[in-house]
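Contents: one structure, followed by commentary.
What follows draws every value from the coordinates through simple rules; no lab data is involved. Small disclaimer: the values here were computed from a predicted structure and weren't measured. Neighbour counts run over all protein chains shown; Cβ positions are idealised from the backbone, glycine included.
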Amino acid sequence: MNVIIVSGGKGTRVRPLTNEIPKTMIEVYGKTVLESQIEIYRNCGITDITVVTGYQSEKINLPNITCIKNEKYETTNVNEGIFCAKSKFNDSVIITYGDIIFDQEILEQSLNFKGDIGVVIDLDWKKQYTGKFGRPLSEADNVIINEKQILEIRKNIAEKEGFILAESIGMFHLSKRGAKIIADRYDHLKKSHKGRFHSASSFTNALFNDMIQDLIDTSITVEPIPINGKWCEVDFKIDLKRAKEIFSYRSK
């Protein structure tokens, strides 16, 4: 088991905090977002950790991790960043976006997944979009689920009768077999795909959600991993206020 953390974006929506550092290096209660993730992985016995960097990559200088820079971070998107670390797809892998903060119990629940391709989801997702620190609802990475499979993943999915609407938190669990399936599919698309790619303008500009949707559309089973616990994405300044409220116990 290894971990890939995607940390290549500019974080323009939280500037000026990211004028000189990547978003993952913002501190919340004395630890950067990235350090908080790494600590949890190590607490769960995972030491093979790769961080895909891009913007201000030299500012990520933490011990005992592997850094791989996406040299094309300015012209590509999350999917290409993840596959900069494709060499790590030779084993089971947890993939996380570098701008989420979560408690250890969420990772532990993810590690219990026994399938091949799993998306960690929050069924009580609307709590992030209400109250004094509510985010724009349009920012949710929604998923539509039947009892056992994810049928659709993208932003702005409307509720459908008879199906469950939830949110992908930005964490994915691939078995060794699942990692090979998705790596092989990536190689095929990289060589052959032209034009739009699901919700993206092109394959090189795709999000990882677009890659997951492509698997679904080619009849590959993608399963939900429901979690309970505290987590928060840090994408807007208001998210930092929410994070400090959710994780206030870490200041003690």
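Here are a few things to note about the model shown:
- Cβ-based net charge around residue 89, under 15 Å, with every Lys or Arg adding one and every Asp or Glu removing one: +1
- Of 125, 231, the sequence from fewest to most neighbouring Cβ atoms within 10 angstrom is 125, 231.
- Here r is the Cβ-Cβ distance between residue 104 and residue 187 and R0 is 41 Å; the resulting FRET efficiency, rounded to 0.05, is 0.75.
- For residue 44, neighbours were defined as the other residues whose beta-carbon sits under 13 Å from its Cβ, and their charges (Lys and Arg +1, Asp and Glu -1) total -4.
- Per residue, the chain reaches -7000 deg cm²/dmol at 222 nm when only DSSP H runs of four or more residues are counted, each adding -39500 (n - 2.57).
- Using θ = phi - 60° and Karplus 6.51 cos²θ - 1.76 cosθ + 1.60, couplings along the range 214-224 (whole Hz; Gly, Pro as x): 4, 4, 4, 6, 9, 6, 8, 6, 10, 10, x
- For residue 57, net neighbour charge (Lys/Arg +1, Asp/Glu -1) across residues whose Cβ lies under 10 Å away: 0
- Set of the range 1-30 residues, backbone N closer than 15 Å to the point 7 Å along the Cα-Cβ line of residue 87: 3-4
- Our coupling estimate for the range 80-88, obtained by passing each phi through the Karplus curve with A = 6.51, B = -1.76, C = 1.60 and θ = phi - 60°, is 5, x, 4, 7, 5, 9, 4, 4, 7 Hz, Gly and Pro reported as x.
- Among 198, 193, a tally of other beta-carbon atoms within 10 Å of each Cβ gives an order, fewest to most, of 193, 198.
- The range 19-85 shape via C-alpha gyration tensor axes, a/c threshold 1.5: oblate
- Loop-resident sites, the range 80-189, for GluC sites (Glu not before Pro), counting at most 10 other Cβ within 10 Å (DSSP): 147, 159, 161
- HN-Hα J in Hz across the range 158-171 - Karplus 6.51, -1.76, 1.60, θ = phi - 60°, x for Gly and Pro: 7, 5, 10, 4, x, 10, 9, 9, 9, 10, 6, 8, x, 9
- Loop chymotrypsin sites (Phe, Trp or Tyr not before Pro), the range 1-103 (other Cβ atoms within 10 Å of the site Cβ: 15 or fewer; DSSP): 29
- Zone residues, the range 15-58, relative to residue 236, backbone N less than 19 Å from point 7 Å out along Cα-to-Cβ: 15-18, 23-24
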